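Here is the structure we will look at, set down as structure tokens.
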Amino acid sequence: MKKKYRKFHEPRSQSNPPPLFKTRTRTRPLPSLSRRRRLLLRRRIVALAAAAAAPPPLDAEAMASSASSMLIYQSPTSLTANPRRFAVGRRRLTVSCASASASASDPALTNHSPPATAPPPGTATIHNIRDEARRHRQAHAFSAKYVPFGCDFTASESYSLDEIVYRSRSGGLLDVQHDMEALKKFDGAYWRNLFDSRVGKTTWPYGSGVWSKKEWVLPEIDSDHIVSAFEGNSNLFWAERFGKHFLGMDDLWVKHCGISHTGSFKDLGMTVLVSQVNRLCKMDRPLVGVGCASTGDTSAALSAYCAAAGIPSIVFLPADKISMAQLVQPIANGAFVLSIDTDFDGCMKLIREVTAELPIYLANSLNSLRLEGQKTAAIEILQQFDWEVPDWVIVPGGNLGNIYAFYKGFKMCQELGLVDRIPRLVCAQAANANPLYLYYKAGWKDFKAVKANTTFASAIQIGDPVSIDRAVYALQKSNGIVEEATEEELMDAMAQADSTGMFICPHTGVALTALNKLRNSGVIAPTDRTVVVSTAHGLKFTQSKIDYHSKAIPDMACRYANPPMQVRADFGSVMDVLKDYLKKY
Ligand SMILES: N[C@@H](CCOP(=O)(O)O)C(=O)O
């Protein structure tokens, strides 16, 4: 693994200066090209060199066609404070001109160290967004470390994030805590402006919704080590029709975390975890790969990010318990996939034992690094509401890391002065896998893991959640509530939501059921601003939707089924069914 990594990420030295023109294939030897092709290639390089030495062309399209759309053109003859952006096909091409043009809102640039110097005249370079980030590499002023869960940054027991540790000395959970005193040197308005300034940009790594909050996530990681698919920045969808029609609400929102690189919110945490592993590999830590147990989404995210970094991934999946779309993701991304004849809890137990024995880094959310990425979805919600705090946020819960991650994101915003309160949290479980719900109903007395039964909400089919303590903490601190949904309730809620233009996963159906119950009982008022967190893409769960709409689910009425009508191929038959259908309107 190390060998392969080095090959493609060789550090640059003075004796080995960067080439004038870098393309994505720059480290590979030229394949054996024909003489004619070599000539053409050389001509193209010469043309690019000429273009680089000249002022920027007016026609960005022409420039894009002669250079990869990943390239950023830089010319010393056109220094300007603001990078000029051109739409190039569906990508944006930045004509960025000097390091002096770096974001004035980057705290590293404006407050802690001087901006990097401009290149000497005549040394124009075309480079990519990673190179651009290298040029602005700064000393960091913030830091974070592992402490036992429930402790703050000053705890006597603490571990560097570069250590491979998942449990405290007493065997309890760990938490990543930030140096809040250092972060507090900047006020809420400062952080709001900084985060807002990074939205919608391609600047590495801030184009990611996670890394746009880098100072609050992994402040010490070198941007060069980050493995990102520009995840996050997901749609906060105004569920106007669903809210009005089914719940009498007009301020209902669905945070579509599943409309993402691998189709679930897991990307948010995985970019952080795999980036840190990438850093550890660079530090020559003896790791042979990264592993997880999964109900389908974590394995998809892990395998994709590892594949992007060239790091081996190993995933433990409960045999026949995840959807086809989820199973194919790690297979396609080249993970080592173990289909194990047990449930998720069985897989989780095994991966914990295996990672204690072998140098395989544990990627489940037992590893608190993951939650640092996931918490940014909470910050993003506040940002999307222009830093107004919603009344309620409803999160589906299985292994229970995410409910704590949301709490953490909201709490950090409050502590650092971006907002003055946090929303009430609701955790929604499937009744077939409801250990948290039972614990809540028992007044938080005597937690008992359960045997999780089969549920359409398969990603949360978990009976012994590793983050149970974190979830309880988040709910207690946010005056939270736990609700549950039966199979029929969650499938009906999913069908209702889909009928208003969404295409949600069954877990979001669980969360919508919780909302429905809390609306009916009057706990959530019609005017309360409410956000339902949608955790995965509906396209991962087409089979359950097909079964529902075909009314093929035993003991389920499938009240909102919309099966296709079989019609003979003649005009009369088609007209008959249409007339019948149109009577409804
Ligand atoms: N739903 C998860 C289960 C594992 O949870 P994690 O929080 O440890 O990643 C999945 O998609 O695998």
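Just so you know, all these numbers are worked out from the coordinates, no wet-lab data involved. The structure presented is a predicted model; accordingly, all values stated were derived computationally and were not measured. Because the Cβ atoms are built from the backbone with ideal geometry, glycine has one as well, and the counts that use them run over all protein chains shown.
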Cα→Cβ-extended label distance, 7 Å offset, between residue 568 and residue 349, nm: 6.0 nm
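Taking a ≥ b ≥ c as the square roots of the Cα gyration tensor eigenvalues, with a/c under 1.5 meaning rounded and otherwise prolate when a/b beats b/c, else oblate, which class fits region 389-522? Intermediate values should be presented prior to the final figure.
On the way: a/c = 1.85, a/b = 1.19, b/c = 1.55.
Oblate.
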For region 513-522, 3J(HN,Hα) per residue [Karplus equation, 6.51 cos²θ - 1.76 cosθ + 1.60, θ = phi - 60°, Hz, x = Gly/Pro]: 5, 4, 4, 4, 5, 6, 6, 4, 8, x
Distance in nm between pseudo-label sites at residue 551 and residue 241 (7 Å out along the Cβ direction from Cα): 2.4 nm
Net lengthening on full extension, residue 336/residue 284 (0.36 nm per residue, minus Cα-Cα): 16.5 nm
Long-range amide H partners of residue 232 with built H, under 5 Å: 209, 261
Hull-based mean projected area of region 215-332, where the convex hull spans the alpha carbons, in square nanometres: 9.5 nm²
Cβ-Cβ FRET estimate between residue 451 and residue 358, R0 fixed at 25 Å, reported to 0.05: 0.30
Computed label-point distance, nm, for sites residue 193 and residue 585 using a 7 Å Cα→Cβ extension: 5.2 nm
Gyration tensor verdict on region 118-269 (Cα atoms; rounded if a/c is under 1.5, prolate if a/b is larger than b/c, oblate otherwise): oblate
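Starting from the exponent 0.38 and prefactor 2.2 Å, build the expected Rg for region 302-370 from its residue count and divide its actual Cα Rg by it.
Numbers: Rg = 11.9 Å, N = 69, 2.2 N^0.38 = 11.0 Å.
Working it through for region 302-370, the quotient is 1.08.
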Local electrostatic count at residue 499 - Lys and Arg +1, Asp and Glu -1, tallied over other residues with Cβ under 12 Å: +1
Placed amide H near residue 486: partners under 5 Å, 5+ positions off or other chain: 431
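Kindly state, to the nearest 0.05, the FRET efficiency for residue 415 paired with residue 160, given R0 = 22 Å and r defined as their beta-carbon distance.
Numbers: r = 23 Å, r/R0 = 1.04.
The value I calculate is 0.45.
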Mean Cβ count within 10 Å, highest first, over the residues of peptides 202-211, 228-237, 528-537: 528-537, 202-211, 228-237
Under-5 Å amide H pairs with residue 481, H placed in peptide plane, nonlocal only: 425, 426, 427
Vicinal HN-Hα couplings computed from phi for region 270-279 (Karplus, 6.51 cos²θ - 1.76 cosθ + 1.60; Hz; Gly/Pro x): 6, 4, 6, 4, 5, 4, 5, 5, 4, 5
For residue 484, net neighbour charge (Lys/Arg +1, Asp/Glu -1) across residues whose Cβ lies under 15 Å away: -3
Vicinal HN-Hα couplings computed from phi for region 142-158 (Karplus, 6.51 cos²θ - 1.76 cosθ + 1.60; Hz; Gly/Pro x): 10, 8, 8, 8, 7, 9, x, 4, x, 9, 9, 4, 8, 3, 6, 8, 7
Ranked packing of 471-477, 377-383, most packed first, by mean Cβ within 10 Å: 377-383, 471-477
Cα centroid separation - region 216-244 against region 465-534, whole Å: 21 Å
